[in-house]
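To start, the structure itself, in structure tokens.
The values are calculated or read from the model by the stated rules, or taken from the named source; none is laboratory data. Keep in mind the model is a prediction, meaning the values are calculated, not measured. No Cβ is skipped: glycine too gets one built from the backbone with ideal geometry, and neighbour counts run over all protein chains shown. Heads up: the accessible areas ignore ligands, DNA and RNA and are worked out on the full protein's heavy atoms, side chains in. Shrake-Rupley method; radii C 1.70, N 1.55, O 1.52, S 1.80 Å.
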Amino acid sequence: MVAIIDYDAGNLRSVEKALQHLGSETVITRDKNVILNADKVILPGVGAFGDAMEKLKKYDLIQTIYDVVEKKTPFLGICLGLQLLFESSDETKGVAGLGILPGKILRIPDAPGLKIPHIGWNSLELTNNGRLFKDIDNQSFVYFVHSYYLKAREEQIVKASTEYGTHIHASVEKDNIFACQFHPEKSGAVGLTILKNFAEL
């Protein structure tokens, strides 16, 4: 069973639908026991970094997330869910992230002809044999919606990157922790393969 963490961050239903399409039993929940007993856990989300951390606190989910990580349950952060796993974000100065992985979330720099937020399809440069990318071709296209991007401190955890005015770490993996800045649930067949790879870990 895959638990999708509900902290009022939107985008939960599309993740649930994609997983159900793959035949995975899923539940959207903020019940600590359900989350801790799930086979896999997903932290999706769209919205602002500071607001999201506030909601995780409000629903008493921060310790639950640390417990899931410690239990070695496969854990996937999507979009804002990726950003929250890191130490801090330019979006909300002074607000600490979960700090599960080392790195910072930076604003995509302004550049001529570049729209921010970055909304649309970009190709991925795959590196370091990410388990989420099994059976996926290098330079496959996925769907992004974001104004901030990850700069991870440990290059070896980066499994996919893309270019949009700057070099963006688009997906990371370390032990049981996986995360994607893009939306696999909105990325067609490639995205479904990524979710299937996660569900089958």
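I want to confirm something. Restricting to segment 75-98 and keeping residues that are within 19 Å of Glu154 (Cβ to Cβ) and in a loop (DSSP other than H, G, I, E, B), which single residue is most open to solvent (accessible area, probe 1.4 Å)?
Ranking the qualifying residues of segment 75-98, first place goes to Glu87.
Exactly one condition in (1) closer than 20 Å to Pro184 by Cα; (2) in contact (Cβ under 8 Å) with a residue 40 or more places away in the chain is false for Lys72; which is it?
(1)
From the set of residues in segment 161-201 that are of a type in the set (A, V, I, L, M, F, W, C) and in a helix (DSSP H, G or I), which is surrounded by the fewest Cβ atoms within 10 Å (Cβ to Cβ)? Break it down stepwise before answering.
Taking segment 161-201 and keeping what is of a type in the set (A, V, I, L, M, F, W, C), we get 168, 170, 172, 177-180, 182, 189-190, 192, 194-195, 198-199, 201.
Next, only the ones that are in a helix (DSSP H, G or I) stay: 189-190, 192, 194-195, 198-199.
On the way: Ala189: 9, Val190: 19, Leu192: 16, Ile194: 31, Leu195: 24, Phe198: 22, Ala199: 20.
So, considering only residues that are of a type in the set (A, V, I, L, M, F, W, C) and in a helix (DSSP H, G or I), the one surrounded by the fewest Cβ atoms within 10 Å (Cβ to Cβ) is Ala189.
Restricting to segment 150-160, name every residue that is touching a strand residue (DSSP E or B) at 6+ places or on another chain (Cβ under 6 Å) and either open to solvent by less than 20 Å² (accessible area, probe 1.4 Å) or among the polar types (S, T, N, Q) (or both).
Those that are touching a strand residue (DSSP E or B) at 6+ places or on another chain (Cβ under 6 Å) and either open to solvent by less than 20 Å² (accessible area, probe 1.4 Å) or among the polar types (S, T, N, Q) (or both): Leu150, Ala152, Ile157, Val158, Ala160.
Please work out if Leu101 is in a loop (DSSP other than H, G, I, E, B), among the aliphatic types (A, V, I, L, M), in contact with an Asp or Glu (Cβ under 9 Å, 6 or more places away or on another chain) and crowded, with 21+ Cβ neighbours inside 10 Å. Can you show your working first?
Working: in a loop (DSSP other than H, G, I, E, B): yes; among the aliphatic types (A, V, I, L, M): yes; in contact with an Asp or Glu (Cβ under 9 Å, 6 or more places away or on another chain): yes; crowded, with 21+ Cβ neighbours inside 10 Å: yes.
Here the answer is yes, as Leu101 does meet what is asked.
Do we have any residue at all in segment 46-66 that's surrounded by 19 or more Cβ atoms within 10 Å (Cβ to Cβ), more than 19 Å from Tyr149 (Cα to Cα) and within 16 Å of the chain's Cα centre (by Cα)?
For segment 46-66, residues surrounded by 19 or more Cβ atoms within 10 Å (Cβ to Cβ), more than 19 Å from Tyr149 (Cα to Cα) and within 16 Å of the chain's Cα centre (by Cα): present.
Only residues that are open to solvent by less than 20 Å² (accessible area, probe 1.4 Å) and either closer than 16 Å to Tyr148 by Cβ or not in a loop (DSSP other than H, G, I, E, B) (or both): list them for segment 119-132, please.
Selection gives Gly120, Leu132.
For segment 111-118, state whether one or more residues are open to solvent by 30 Å² or more (accessible area, probe 1.4 Å), touching a residue at least 60 places away in the same chain (Cβ under 8 Å), within 14 Å of Cys79 (Cα to Cα) and not in a helix (DSSP H, G or I).
no
Each row is one residue, and each column tells you yes or no for (1) within 21 Å of Arg13 (Cα to Cα); (2) of a type in the set (A, V, I, L, M, F, W, C).
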position: Ile42; (1), (2): yes, yes
position: Gly47; (1), (2): yes, no
position: Gln83; (1), (2): yes, no
position: Pro109; (1), (2): no, no
position: His118; (1), (2): no, no
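When the residues of segment 16-35 are narrowed to those that are in a helix (DSSP H, G or I) and under 17 Å from Lys55 (Cβ atoms), which ends up most open to solvent (accessible area, probe 1.4 Å)? Please lay out each step first, then the result.
As a first pass, look at segment 16-35 and keep what is in a helix (DSSP H, G or I): 16-21, 32-35.
Going one step further and asking which of them are under 17 Å from Lys55 (Cβ atoms), we end up with 32, 35.
Values: Lys32: 89, Ile35: 2 Å².
Step by step, filter segment 16-35, then rank; the result is Lys32.
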